[in-house]
Amino acid sequence: MNGLMLVARREIVTQVRTKAFVIGLLITAALVAAISFAPKLFGGPESYALGTVDSQRLPLEAAAPDAEFTWRAFPDEAAAKQAVLAGDVDAVLVGGTKVLTDGKIDDQLGVLLQSVNREAKLGAAGVSIPPLQVVSVGADTRYQAARTGLATVLVIVLFMMLIGQATMVAMGVVEEKGSRIVEILLATLRPWQLLGGKIVGLGVVGLINLVTILAVGLAASMASGISADFPPGMPGLVAGVLVWFVLGYAFFATLAGAFASLVSRQEEVNSVLTPLIMVIMVSYFVSFFATRDPTGTLATVTSYVPPFSSMIMPVRMAAAEVPLWQAGLSMAAMVVAVLAALAFGAKVYQRAVLRTGARVKLGDVVRAR
Amino acid sequence: MLEISELHKRFAGGPDAPDGKLALDGIGFAVRPGEMYGFVGANGAGKTTTMRIVMGVLQADSGSVSWQGRPLGYEDRRRFGYMPEERGLYQKMRVAEQIEYFGRLHGMSAAVAKKATEDLMERLGVAERRNDPVQALSLGNQQRVQLAVALVHDPEVLVLDEPFSGLDPIAVDALATALQERCAGGVPVIFSSHQLELVERLCDSVGIVSAGRMVATGTVADLRSAGNDTLRVVVRNPAQGWADGLPGTVTVSGDRHILRTTYGDDQEILRRAVKAGHVEHFGHERPTLTEIFKEAVA
Ligand SMILES: Nc1ncnc2c1ncn2[C@@H]1O[C@H](COP(=O)(O)OP(=O)(O)OP(=O)(O)O)[C@@H](O)[C@H]1O
Ligand SMILES: [Mg+2]
């Protein structure tokens, strides 16, 4: 097995064995499952309990197929009043002419009752009204709510994973530099193998996390039934998310490792990572904005600019339909950025990682021959 | 043969030392297969810097290191064993796994690395700690693990920076034996140390470095015979002031006066000693490595 793979394997084994990893994985899985069930618990379809006194039920189901109606018949108005006041029923239709409610009637229910009643009476009089046909001249918005929801979850997941894994790479680099173990490692490995192995290993750990999140999320959505609202092309979206994560991670983790090689103590990691964290934060905020306005200028433009694109483009793709050529163009730009980051990061790392002691200045490293 | 020639290294200086620090100023020596080479010198003399350059951890400004007649390359170094001055291990990794990991990094197959790890842990007395994380071990035991990491892949050359510091006498013997065995197997061994008696006892050759230059190098026997002999004279109950005007130092212990000198005319000294009292001892002595060292770096 070559050096890079040995290093990667050690990283994976070390991480996967820790309690933190196992517990973290369980918690995220539980969280994602909870999110997938939440719409069912809170939103859910509207349901109304209705009653009748001396009257026919109105065909409300036909007019509002998403809502649920339960009907009860009451012997007289007094019994109906009591049930309304007790909150057992939302409204009672009396003699086909009057509706009893407790205070103001629910807006939607009110409109529904009035229009269905009108239709029923007209129908009885032999007048039939063809329903208005709705034709959308804009984009297909049937899946908009689901898309926005998906994109929001995606933003949070990508943000946490990128920050988390990039920080892990940085801490690992400093651990090796601070403990000087790097000196014996580099007597048998080339610097790019050591840094590369770490990035690959922790990337695999990140992917294990991400795949778990996606799998649990999809399984839970199917179980809860909200997957019925998912837009078409989910497999493509999932694949896209994985590829974008790999690209974004490769970019940020490489730079995180390189910057971390400038310092020798864990306490200094935060200060060297600040610029990177800022970039990830900016991507995060813009992506969050993009979940609401995926076709706006800001989201569109930034979705081409690496490294922001690594978060914004997948979010745009989840929140709205994105032409394939746009995704491809953005991805190509990101790949170029990743290659540049790898070249730059390997150079900085190689020059800085053996210079223990005081913090090494990035400028010195870059300028050195 | 491992040949180190004309190494120069200047470290970049800070604001207070714009010229930087000249750490190596033409270091050179050679170590033959099966030779144990002791590398000694005062603190800051340049031993660690030299070893780091040999191991490719640091780049020399000029000079070269060659192994078996060819410039030393990355692939050669992978077959070297190295123990750096600043010890470093993965603190949370288990002892056996760590040694094995380094075996594999040096290109051993999983099975071979496992076997070598078992053998070494047994020999260095850390076998019962195999499943403990390194951080749970005492410093001396961590050092044994560090040594195992340097030895696991049956290296062609050993470069050890102060391998004996911090070890108890038992561990010193175990390590000495382990190194002697490797030497007997034809491996050149270089180690640095401040324990000169140990160096004198173990090493075939010694190099003394001072301020980045080699001030003496050769076999221990050659160095001792090349050094200025000391004349040691012991006189019992001599007359007061018998040695006045003679060079050297006189120490008094009880009724014995001991004169040490490198003064050339020994016959003149003998005459005066005989006149002064009862001469118990008169003889030339080879300098110890410690004396050679002190003279060389003075
Ligand atoms: N990274 C560095 N930056 C600047 N100067 C350095 C660096 N490393 C070593 N030096 C200087 O180079 C000189 C040689 O140091 P080196 O560590 O090789 O000495 P040494 O012989 O190993 O000493 P010791 O016996 O104390 O271990 C010293 O003056 C030291 O201050
Ligand atoms: Mg040293």
Toy charge model, Lys and Arg Cβ at +1, Asp and Glu Cβ at -1: the protein assembly as shown dipole around Cα centroid in debye, rounded to 20, equals 760 debye
In nm, the gap between the two label points placed 7 Å beyond Cα toward Cβ at B:Ser165 and B:Leu198 is 1.1 nm
D (µm²/s, integer) via Stokes-Einstein for the stretch A:265-311, Kirkwood Rh across alpha-carbon pairs, 20 °C, 1.002 mPa s: value 186 µm²/s
Ignoring ligands, DNA and RNA, the residues of the stretch A:1-18 whose accessible area with a 1.4 Å probe is reduced by 10 Å² or more relative to the chain alone are A:Met1, A:Leu6, A:Val7, A:Arg9, A:Arg10, A:Arg17
Looking only at lysines whose Cα falls under 21 Å of A:Lys81's and that sit 8 or more positions away or on another chain, we get A:Lys98, A:Lys104
Computed over chain A: longest principal axis from alpha-carbon atoms vs helix A:309-319 long axis, angle to nearest 10 degrees, is 20 degrees
So the FRET efficiency between B:Ser62 and B:Thr262, C-beta based with R0 = 45 Å and rounded to 0.05, is 0.75
Rounded to the angstrom and largest first, Cα extents along the principal axes for the stretch A:183-261 equal 56, 18, 17
In the structure shown, of A:Lys19/B:Lys114; B:Lys9/B:Lys115; B:Lys9/B:Lys294, the pairs separated by more than 30 angstrom at the C-alpha atoms are B:Lys9/B:Lys115
The local net charge around A:Asp76, scoring Lys/Arg +1 and Asp/Glu -1 for residues other than A:Asp76 whose Cβ lies under 15 Å from its Cβ, equals +1
Quick calc, A:Asp229 & B:Lys21: beta-carbon distance into FRET formula, R0 56 Å, rounding 0.05, result 0.20
The protein assembly as shown, convex hull of Cα, quarter of hull surface, nm² -> 47.4 nm²
Chains A and B: accessible area buried, summed over both chains, 1.4 Å probe, nearest 100 Å², reads 2200 Å²
Within 10 Å of the Cβ of an average residue in A:183-195, the count of other chain Cβ atoms is 6
Over chain A, the sum of -39500 (n - 2.57) across DSSP H runs of at least four, divided by residue number and rounded to 500 deg cm²/dmol, gives at 222 nm -22500 deg cm²/dmol
Debye calc, one equal point scatterer per Cα of the stretch B:158-249, no solvent, log10 I(q)/I(0) at q = 0.26 1/Å comes to -1.44
Here, A:Asp107 and A:Thr212, labelled 7 Å along Cα→Cβ, have an inter-label distance in nm of 4.4 nm
For A:Phe37, B:Phe164, the accessible-area ranking with a 1.4 Å probe, largest leading, is A:Phe37, B:Phe164
Excluding ligands, DNA and RNA, the carbon-plus-sulfur percentage of the accessible area of chain B with a 1.4 Å probe reads 49 percent
antiparallel share of DSSP beta bridges within the stretch B:2-219, to nearest 5, in %, is 55 percent
Here the alpha-carbon Rg of chain A over 2.2 N^0.38 Å rounds to 1.41
Taking R0 as 45 Å and r as the Cβ-Cβ distance between B:Ser253 and B:Ser138, the FRET efficiency 1/(1 + (r/R0)^6), rounded to the nearest 0.05, comes to 0.65
Of the residues A:Gly357, A:Thr302, A:Val84, the Cα lying farthest along the dipole of chain A towards its positive end, which is defined by charges on the beta carbon of Lys, Arg, Asp and Glu, belongs to A:Gly357
Taking max minus min of the Cα coordinates of the stretch B:1-141 on each principal axis, largest first, gives extents in Å of 50, 39, 24
When the charge dipole of the stretch B:58-122 is computed with +1 on Lys and Arg Cβ and -1 on Asp and Glu Cβ about the Cα centre, the Cα farthest towards its positive end, among B:Gln91, B:Gly73, B:Ala113, belongs to B:Ala113
Surrounding charge for B:Ile269, neighbours by C-beta under 15 angstrom, Lys/Arg +1, Asp/Glu -1, total -2
note: the stretch A:47-136, Cα-Cα separations exceeding 18 Å make up a percent value of 45 percent
Given A:17-25, A:159-167, B:272-280, A:210-218, the highest-first ranking by average Cβ count within 10 Å works out to A:159-167, A:210-218, B:272-280, A:17-25
Extend 7 Å from the Cα of B:Ser5 along its Cα-to-C-beta direction; within the stretch B:24-43, residues with backbone N under 16 Å of that point are B:26-32
tail above 19 Å in the computed P(r) of the stretch B:1-79, as % of all Cα-Cα pairs, reads 39 percent
Residue-normalised value, i.e. accessible area per residue, for the stretch B:2-219 at 1.4 Å probe, in Å², stands at 41 Å²
Heavy-atom accessible area per residue of the stretch A:220-369, all protein chains kept, 1.4 Å probe, expressed in Å², is 45 Å²
Expected unfolding gain across B:Ala211-B:Ala239 under the 0.36 nm per residue rule, minus the alpha-carbon gap, is 5.6 nm
Taking Cα atoms, the helix A:107-124 axis meets the longest principal axis of chain A at an angle in degrees (rounded to 10) of 40 degrees
If one compares the long axis through the Cα atoms of helix A:3-17 with the longest principal axis of the Cα atoms of chain A, the angle in degrees, nearest 10, works out at 50 degrees
Treating only Lys and Arg (+1) and Asp and Glu (-1) as charged, each at its beta carbon, one finds that the stretch A:47-136 has a dipole about its Cα centre, in Debye to the nearest 20, of 300 debye
Per residue, the convex hull enclosing the Cα atoms of the stretch A:88-207 spans a volume in Å³ of 227 Å³
With bins of 5 Å, the percent of all Cα-Cα pairs of chain B per bin from 0 is 1, 5, 11, 13, 13, 12, 11, 9, 7, 6, 5, 4, 2, 1, 0, 0
Answer in debye to the nearest 20: the dipole magnitude of the stretch B:227-297 about its Cα centre, from +1 Lys/Arg and -1 Asp/Glu charges placed on Cβ, is 180 debye
Scoring only Lys, Arg, Asp and Glu (+1, +1, -1, -1) among other residues with Cβ under 15 Å from the Cβ of A:Val263 yields +2
With all protein chains present, chain A has a carbon and sulfur share of its accessible area (1.4 Å probe) in percent of 66 percent
tail above 17 Å in the computed P(r) of the stretch B:227-297, as % of all Cα-Cα pairs, reads 41 percent
Going residue by residue through the stretch A:253-266, the Karplus relation 6.51 cos²θ - 1.76 cosθ + 1.60 with θ = phi - 60° gives ³J(HN,Hα) values, rounded to whole Hz and with x marking Gly or Pro, of 5, 4, 5, 4, x, 5, 5, 5, 5, 6, 10, 10, 10, 3
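The values are calculated or read from the model by the stated rules, or taken from the named source; none is laboratory data. Treat the numbers as computed from the prediction; the structure is a model and nothing was measured. Positions of Cβ are backbone-derived with ideal geometry, glycine not excepted, and every protein chain shown enters the neighbour counts. Ligands, DNA and RNA are excluded from the accessible area calculation, which covers all protein heavy atoms including side chains. Shrake-Rupley method; radii C 1.70, N 1.55, O 1.52, S 1.80 Å.
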